[in-house]
1. From 44, 39, grab the single residue that is modelled with pLDDT of 55 or more, assigned to a loop (DSSP other than H, G, I, E, B) and exposed (fewer than 12 other Cβ atoms within 10 Å of the Cβ).
2. Can you list the helices (runs of 4 or more DSSP H) found entirely within region 55-134 that contain at least 2 residues being over 18 Å from residue 286 (Cα atoms) and more than 51 Å from the chain's Cα centre (by Cα)?
3. Please identify the pairs in which a residue from region 297-314 that is closer than 23 Å to residue 239 by Cα has its Cβ atom under 7 Å from the Cβ atom of a residue that is assigned to a helix (DSSP H, G or I) and modelled with pLDDT under 95, counting only partners at least 6 apart or on another chain.
4. When you go through 245, 219, 228, 239 one by one, which is the residue that is under 30 Å from residue 307 (Cα atoms) and touching a helix residue (DSSP H, G or I) at 6+ places or on another chain (Cβ under 6 Å)?
5. So which of 136, 115 is modelled with pLDDT of 95 or more, out of contact with any strand residue (DSSP E or B) (no Cβ under 9 Å at 6 or more places or on another chain), more than 23 Å from residue 74 (Cβ to Cβ) and loosely packed, with under 11 Cβ neighbours inside 10 Å?
6. Taking region 149-190 as the region of interest, how many residues are in a helix (DSSP H, G or I) and either at pLDDT 85 or above or within 30 Å of residue 241 (Cα to Cα) (or both)?
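The values are calculated or read from the model by the stated rules, or taken from the named source; none is laboratory data. Quick caveat, the model's predicted, so the values are computed rather than measured. Neighbour counts run over all protein chains shown; Cβ positions are idealised from the backbone, glycine included.
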């Protein structure tokens, strides 16, 4: 039996070999064209931005003091109003003291004393500055004998007045990216990945920093508003106190005038003495109340200034702390970026 073998032609063999070689080249080409993966996991361990507490500061209300009426004069007024018509020995002695003092005054007050009434009392008490005979009389009442001074109101200043006499807001701005770091970088995918990793790592610290700064600014605004509100409350309280003081003086002076009118027909001399005392009492009280108003208003203003300065200082200090904390985290990120850029350079410019 004859066996026949079929052999590939030389042409067919060459074509098959070429096909196998082509497949080999394709596989090699695919391996060579695969993009290199650049990873910088060190940025994932970037330190977190620390918390910053901004507790509410405590403020102490200033003691404005007070204008205190004379106990001796209150006793005299009670004597005038008891309806008996008889005056106590203490009242008589006080009137004698005032009478003797009035006789030594340079300013002639008889005419003003005779014309004194409720409307005039209110006008004097509401005068920010006395004029004419009233001003001259006020000058003579600046230095009084103890017995006379005891019949007029007195000012009780607190220690806060002495303390008051003895005693912008944006933080540092730090750019999120530094130009010098950019100048260190090259071009290519490695550098692009390094910069992207850097920016991603800083996203959370930047957000936290901005949130902290926003909270500090919000706290500052709220505290300034509260300080102004406290200032308004103090001013309202002072005005109420002054109104009460003036009303008390007006009522006492009116009571003196009422008693003077009741005895004008039977004891004109005593009635005139009482009217003169009422005038002195109103004028001196006006000076004292106005003095207290000036000093208390100044104390209130000083208190507001002190509070707002403290609030501003807190904002500045907290802002600087946040910026300092962020600067430290950013410096850490900058160092990582510098190291990453160096790696890229060592890998052949990142290409």
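1. Step by step, each of 44, 39 is checked, and only 39 is modelled with pLDDT of 55 or more, assigned to a loop (DSSP other than H, G, I, E, B) and exposed (fewer than 12 other Cβ atoms within 10 Å of the Cβ).
2. The helices (runs of 4 or more DSSP H) meeting that bar are 89-103, 110-115.
3. 299/160; 299/161; 299/164; 302/164
4. Going through 245, 219, 228, 239 in turn, the sole match is 245.
5. That would be 115, the only listed residue that is modelled with pLDDT of 95 or more, out of contact with any strand residue (DSSP E or B) (no Cβ under 9 Å at 6 or more places or on another chain), more than 23 Å from residue 74 (Cβ to Cβ) and loosely packed, with under 11 Cβ neighbours inside 10 Å.
6. Total meeting the criteria: 9.
Results for (1) surrounded by 17 or more Cβ atoms within 10 Å (Cβ to Cβ); (2) at pLDDT 95 or above; (3) over 24 Å from residue 295 (Cβ atoms), shown as yes or no for each residue.
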position: 231; (1), (2), (3): yes, yes, no
position: 238; (1), (2), (3): yes, yes, no
position: 246; (1), (2), (3): yes, yes, no
position: 256; (1), (2), (3): yes, yes, yes
position: 261; (1), (2), (3): no, yes, yes
